[in-house]
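Here's the structure, in structure tokens; my notes come after.
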Amino acid sequence: MTIDKTFKIALAATTAMGLALPAAAQEADRVLKWAHVYESSEPYHTCAVEAGDKLAEATDNRLGIEVFPASSLGKEVDINEGLGLGTVDIIWTGQLFAGRSYGPIAIGGAPFMFRDYDHWDAYRNSDLFQEMLDGYENATGNHPVTLAYYGARHTTSNETISEPADMEGMKLRVPNAPLYMMFPRAVGANPTPIAFAEVYLALQQGTVDGQENPLPTIQAKKFYEVQSDINLTGHIVDSLLGIVGGPTWNSLDEGDQETLATVIEETSDCVTTQIRQSEAELADWFREQGVNVNEVDITPFREAVMEMHNGDMATWDQETYDRLQAIGADG
């Protein structure tokens, strides 16, 4: 199937789902395609839709944004490749997928790399993170703008998990990026890469024993319908990069580049605020649905993973690791 046909099908599906753009964004002289793999109900989508209006208003309708959710323009690997091809203009993507092109930037998505949300927040505002953005841009030609909070990733299953030994031999679905395999390997589980759109069915059919994602994603993707337990392992304080494709970025004048970057940063803040609020409320919501939400002592999980932080799976050097760990340590 050609890219043109794929795009037309995706556009028709998007319109059919009632996700038509606000008039201001639709009527812009140039409409940028923002692609992601998340549901239309999630902040990654709703905040990006709002960004279309903001961009249209800020550029006197010269630029707008159309947002394509739920892998409608391709899986995560596809949309990352699409940035350089010009088939998509902007994406949300995990740091570990970006790390396929520039290894060091993946450090922010590795398990137990951050102590907590505040450590992550300090990192995204640090000189080290800016160096990561610059390195990625030099390696790919694409322009990364900022990080949006994705949430603390937890492990779902059909049995209670309270210690690493409980995960021995477990087939755990992970995204298709190598570093997502660090956590399951550290605790003796079998990492099983499966595309995001296919996870619900894989859980339902028993192809895998469990998966790991933040609470808002577990809710949005309805994984709790096919898993009895949510185990609060909190093993990754995760986030998404907002990236503009190189062909798109280079086609804009300096003023429009600055405006687009500001809009994406504001969208990131919108996402982060909403995800933080959802995380604070969802454990109780899941319990009301009859799901077992299990508190977990993460210490043994953290200790198992930290032995691998600078091993053969690391795509960063020791100096970068030490600098990240030092951020906010004295605060």
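The table that follows gives values for the structure above.
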{"quantity": "Average accessible surface area per residue within the chain, 1.4 Å rolling probe, Å²", "calculated": "42"}
{"quantity": "Helix 43-58 vs. the chain, principal-axis angle (Cα, 0 to 90°, nearest 10)", "calculated": "20"}
{"quantity": "Relative contact order computed over segment 226-330 (Cα-Cα under 8 Å; 6+ residues apart), in percent", "calculated": "45"}
{"quantity": "Computed label-point distance, nm, for sites E131 and Y200 using a 7 Å Cα→Cβ extension", "calculated": "4.3"}
{"quantity": "Amide hydrogen neighbours beyond the local backbone of V67, cut-off 5 Å, H modeled", "calculated": "W34"}
{"quantity": "Environment charge at I105 (Cβ cut-off 11 Å; Lys +1, Arg +1, Asp -1, Glu -1)", "calculated": "-2"}
{"quantity": "Accessible carbon and sulfur surface of the chain relative to its total accessible area, %, 1.4 Å", "calculated": "45"}
{"quantity": "Intensity falloff of segment 58-115 expressed as log10 I(q)/I(0), Debye formula with alpha-carbon point scatterers, at q = 0.16, 0.28 Å⁻¹", "calculated": "-0.63, -1.12"}
{"quantity": "Theoretical gain in end-to-end length, A283 to E258 [0.36 nm per residue, Cα-Cα removed]", "calculated": "5.1 nm"}
{"quantity": "Under 5 Å, built H, 5+ apart or other chain: amide partners of V293", "calculated": "I230"}
{"quantity": "Accessible surface of R323 - all protein chains present, 1.4 Å probe, nearest 10 Å²", "calculated": "90"}
{"quantity": "Projected label distance in nm at N292 and S228, using a 7 Å step from Cα toward the beta-carbon", "calculated": "0.6"}
{"quantity": "Sites matching GluC sites (Glu not before Pro) across segment 266-331 that sit in DSSP coil, with at most 15 neighbouring C-beta atoms within 10 Å", "calculated": "E295, E307"}
{"quantity": "Cut-off under 5 Å, modelled amide H: who pairs with V31 long-range", "calculated": "G64"}
{"quantity": "Theoretical FRET efficiency, 1/(1+(r/R0)^6), r = Cβ-Cβ of Q318 and E27, R0 56 Å, to 0.05", "calculated": "0.60"}
{"quantity": "³J(HN,Hα) computed for each position of segment 119-133 - Karplus, 6.51 cos²θ - 1.76 cosθ + 1.60, integer Hz, glycine/proline x", "calculated": "5, 4, 5, 5, 5, 5, 10, 9, 4, 4, 5, 4, 5, 5, 4"}
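The values are calculated or read from the model by the stated rules, or taken from the named source; none is laboratory data. These numbers come from a predicted model, not from an experiment. Counting neighbours? That spans all protein chains shown, and the Cβs are built from the backbone with ideal geometry, glycine included. Heads up: the accessible areas ignore ligands, DNA and RNA and are worked out on the full protein's heavy atoms, side chains in. Shrake-Rupley method; radii C 1.70, N 1.55, O 1.52, S 1.80 Å.
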